[in-house]
Every structure is written in structure tokens, then in C-alpha cells.
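K.L.:
Submitted below is the structure of interest, expressed as C-alpha cells.
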Amino acid sequence: EHLWAERVEILKNSILTYKAILKIYRSFKPDRTVAYNSLYSVNRVVCAVSELQKIPHYSIHAGNNLDTRLKQLMVYKGFGYIVNDRDIVASSREKPCTTKQIISVRKHISELFTARSPWVYTQKSRNLSCSDLRKMLKIGLNQKVLLAVMRSNDERKAAEDSDFTFNHCQPIFKDQIEWCKFLIRYALGNPETFIIFRVHPREFPNKREGVTSEFAKEFKIFIKNTTIPQNFHFNLPEDKLSVHDLYKITDLVLNNSSTVGLEASLLGIPVIGCGDVLYSFDPALQKEPRSKDEYTNMIDSHMQLGVSAKRIIMAFRWLRYFSEHVCIDISDGYKIGSKNFIYKILIRLRFLLSRFNLHFKILSSFEVLFRSKTLINSKWLSYAITNNTLDHID
């Protein structure tokens with residue numbers, strides 16, 4: 001009920017956009033359309049009209065390296081982008097990282113583990129020791145620890161409701177509750193293991209959203225009505241535990257299409273999915289079962305594998321590929337965070353003047369004064385759009 005007025009306004013804006021952009025396209029007849037993230041409602045209407053007019057449309061988006069995301073740009077055709085199935089990924093796995101590339105990836109990982117970014121949902125690590133964690137969760141010294149990580153439901157639901165999804169696979173569980181029930185039964189039959197079932201923090205109030213999701217409310221009722229074995233723990237936000245602490249005692253990650261699969265791989269921890277191959281990292285980092293029996297067998301064997309240096313190297317190489325091949329470096333044209341003294345003075349001056357509702361044209365766009373006339377990677381920025389290709393990668 002409380003969202004209805006907002007929904008009506010979004011629908012109204014979308015209809016007005018449809019009518020306006022149709023007139024513009026008929027009179028202007030552009031060759032291409034470019035939108036920043038074409039999944040936003042108004043942008044998507046523009047791109048849908050573009051499709052009707054047989055005009056190729058492209059999305060641009062900031063990069064994924066948390067240290068330099070605003071100094072990178074992705075450019076790709078259409079509404080969405082999957083890059084982990086490209087031929088170049090296989091060759092990238094075999095190519096060693098340079099020292100410079102390792103430093104770049106390491107800066108991203110550092111930002112990831114400090115958990116300052118609004119794009120990182122977990123809490124910052126409390127630097128708890130392994131013994132402290134085992135004691136807190138009542139895990140036996142010799143028990144193998146399986147960390148099961150739920151995905152966030154909201155983006156998946158939004159994609160499915162708008163007929164936009166990459167999910168062409170066959171997950172072995174109907175939903176996450178069925179998956180949870182399966183793992184509870186596994187815990188009952190395998191007392192030598194301990195399962196930590198982590199509910200995605202995005203389902204609860206977090207640094208970006210201040211509400212509890214409908215799914216979280218339903219899931220808490222499910223927990224209340226479920227008999228939980230001693231070797232099974234539901235990790236909820238009230239535990240005040242960072243997933244980065246939990247990795248310390250984890251022997252195996254059971255992933256449900258979360259980016260935790262990549263994080264765990266960066267620490268060399270083996271990862272098993274559940275047949276749902278919708279994830280944004282190298283598929284070679286995660287084993288995918290085709291049945292529940294195969295899933296059980298994989299769990300039994302993979303929890304014995306231990307930390308793998310090879311997995312860490314593969315995860316680094318994936319992040320190198322994503323940062324340097326998928327994303328285009330625009331740092332010479334975007335100087336936010338520059339150490340230039342004059343730049344810092346202008347930033348401060350603009351902030352002070354804005355407090356008094358004073359604005360000057362030169363200050364509102366002074367960033368361009370510090371840009372190169374021609375960007376080093378300008379040919380990659382324009383390549384896909386000019387040549388009507390999916391992207392610039394190949």
C-alpha cells in the first residue's frame with residue numbers, strides 16, 4: 001500500500017518518456033542509443049523504443065574494481081551483460097598477472113574486506129580468531145565447517161518480473177527454503193560437519209536499504225517452526241558476524257549464486273553451487289552439481305580438499321580480466337580524488353558556495369579543465385557503438 005503512489009509516478013514517467021522519445025526518434029532518427037544502465041525504468045523505456053525503431057542500443061556502467069570503479073567504464077550492447085562465458089576467459093586463466101595487475105587486484109580486495117563501500121553488504125570483520133568463532137558458534141574442534149550462503153532475492157525477482165533474466169539453467173532446488181531443508185537433513189546425517197547457513201544481509205536493514213524484506217519475514221517464521229540440529233546455525237544480522245570472519249573457519253562454501261563464491265576463491269576455499277549458474281565470476285571457480293545425489297557426493301569430497309593456491313591464482317586472474325579487459329580505463333578523463341592542490345581548493349570552494357545556494361558555471365563543471373583532450377582508451381570506448389558489436393572485448 002505505501003509503495004503504490006511511488007509506483008504510479010514511475011509508471012506515469014515511463015509513459016511520458018515513451019511518448020516523448022518516440023517523437024524524438026521519428027524526427028531525429030539516431031543511429032545508436034546509449035543509456036547509463038538501461039535497466040532503470042525510464043532508461044529501459046527509451047531502449048525498448050530504440051529496439052522498436054531497429055536502432056541498436058548500448059549501456060554504459062561504472063567498473064567493478066571497488067578501488068577504481070568511477071575511473072572505469074563498461075560499454076555493452078543491450079540490456080544486460082554476461083562476460084564469464086567468453087572464449088577469452090579460458091586463455092586469461094593461463095596468463096600470469098604482472099606485478100602492476102596484482103597490486104590493482106589487491107587494492108580491490110582491500111576495499112572489499114574493509115567493507116566500507118555501499119556495494120559491500122557484509123559487516124566489517126571483527127578480527128575474531130578461529131577459536132573464538134568456534135566457541136561462539138559451538139563448533140567442535142574436529143568438525144568440518146560448511147558455509148552455505150544465500151543469494152539476494154530482490155534483484156532476481158525484479159529481473160524475472162520484467163522478463164529479463166540470464167537464468168537458462170536447471171537449479172536442483174525449487175527455492176532457497178527447499179535448499180535449506182536439504183542441508184538440515186544433511187547436517188542430521190553427518191554429525192562430523194557443522195553447517196553455517198548465512199541469510200543474505202540485503203534481506204535485512206543494511207547500509208543501503210533500511211527495510212526488512214518480505215522474504216526475510218517469511219524465512220524467520222520458517223526458522224521458528226523448524227527443528228534445528230546442534231550442528232546447524234542460522235547466521236542472521238543479529239550475530240554481528242562478518243562473512244570475512246566466517247571464512248577463517250570454513251572448509252567448504254555452498255553457494256547459491258552469490259559473489260561470495262569469488263570472495264571464498266580469493267582465499268583458496270573450494271566452492272560448490274547448486275545448479276544455478278547465474279553468477280558474475282569465472283565458472284571454473286565453482287563446481288556445479290546436476291542432481292541432489294551428485295551434490296551430496298560433491299560436499300563429501302570437496303570439504304576434504306583444503307585451501308588451494310591454484311584457486312587463489314585463478315580468482316586473481318579473473319579479477320584482472322574483468323578489470324582490464326571488460327572495463328575500460330578512463331582515469332585520464334576522470335580526476336575525482338586527484339591530489340592536485342588547485343583541484344582540491346575548487347572542490348572545497350564549490351561545496352562552501354553550495355551551502356549558500358550560490359552556483360557558478362565554471363565551478364559546476366571545472367572537472368573538464370583537468371581532462372586530457374583525447375583519452376588514451378578512446379578507441380575502446382567507441383569501438384562497440386561504432387561497429388555495432390556486443391562489446392570491445394574480442
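The values are calculated or read from the model by the stated rules, or taken from the named source; none is laboratory data. Predicted model only: the values in this text are computed from it and were never measured. Cβ atoms come from the backbone with ideal geometry, glycine included; neighbour counts cover every protein chain shown. These area figures cover heavy atoms from the full protein model, side chains too; ligands, DNA and RNA do not enter into them. Shrake-Rupley method; radii C 1.70, N 1.55, O 1.52, S 1.80 Å.
K.L.:
All but one of (1) over 25 Å from GLU288 (Cβ atoms); (2) among the charged types (D, E, K, R); (3) open to solvent by less than 20 Å² (accessible area, probe 1.4 Å); (4) at pLDDT below 85 hold for GLU214, so report the exception by its number.
P.N.:
All conditions are met except number (3).
K.L.:
Continuing with this model, one more query. Residue check: is SER110 loosely packed, with under 14 Cβ neighbours inside 10 Å, small (Gly, Ala, Ser) and assigned to a helix (DSSP H, G or I)?
P.N.:
Against the criterion (loosely packed, with under 14 Cβ neighbours inside 10 Å, small (Gly, Ala, Ser) and assigned to a helix (DSSP H, G or I)), SER110 qualifies.
Yes/no per residue for (1) touching a Cys at 6+ places or on another chain (Cβ under 7 Å); (2) not in a strand (DSSP E or B):
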position	(1), (2)
ALA20	no, yes
ARG26	no, yes
VAL34	no, no
ASN43	no, yes
TYR58	no, no
ASN64	yes, yes
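K.L.:
A further question follows. In the stretch 332-383, what residues are open to solvent by 60 Å² or more (accessible area, probe 1.4 Å), outside any loop (DSSP other than H, G, I, E, B), of a type in the set (A, V, I, L, M) and modelled with pLDDT of 75 or more?
P.N.:
Scanning the stretch 332-383 gives ILE345, LEU349, LEU352.
K.L.:
For the stretch 1-38, enumerate the residues that are open to solvent by less than 80 Å² (accessible area, probe 1.4 Å) and within 22 Å of GLY80 (Cα to Cα). Working first, answer last.
P.N.:
Filtering the stretch 1-38 down to residues open to solvent by less than 80 Å² (accessible area, probe 1.4 Å) leaves 5, 8, 10, 13-14, 17, 20-22, 25, 30, 32-35, 37-38.
Hits for the stretch 1-38 are ILE10, SER14, THR17, ILE21, PRO30, ARG32, THR33, VAL34, ALA35, ASN37, SER38.
K.L.:
A follow-up question, please. Of all residues in the stretch 281-313, how many are out of contact with any helix residue (DSSP H, G or I) (no Cβ under 9 Å at 6 or more places or on another chain), assigned to a helix (DSSP H, G or I) and within 23 Å of GLN143 (Cβ to Cβ)?
P.N.:
Of the residues in the stretch 281-313, 5 are out of contact with any helix residue (DSSP H, G or I) (no Cβ under 9 Å at 6 or more places or on another chain), assigned to a helix (DSSP H, G or I) and within 23 Å of GLN143 (Cβ to Cβ).
K.L.:
Search the stretch 250-279 for residues being open to solvent by 10 Å² or more (accessible area, probe 1.4 Å) and of a type in the set (Val, Ile, Thr), and hand back the single one that is farthest from ASP300 (Cα to Cα).
P.N.:
THR259
K.L.:
A further question on this structure: Give the residue that is nearest to ALA115 (Cα to Cα), with candidates limited to residues of the stretch 69-80 that are open to solvent by 40 Å² or more (accessible area, probe 1.4 Å) and out of contact with any Gly (no Cβ under 6 Å at 6 or more places or on another chain). Even if it seems obvious, please write down each step before you answer.
P.N.:
Going residue by residue through the stretch 69-80, those that are open to solvent by 40 Å² or more (accessible area, probe 1.4 Å) are 69-71, 77.
So of that shortlist, the ones also out of contact with any Gly (no Cβ under 6 Å at 6 or more places or on another chain) come out as 70-71, 77.
Details: LEU70: 17, LYS71: 20, LYS77: 31 Å.
Of everything passing the filter in the stretch 69-80, LEU70 is nearest to ALA115 (Cα to Cα).
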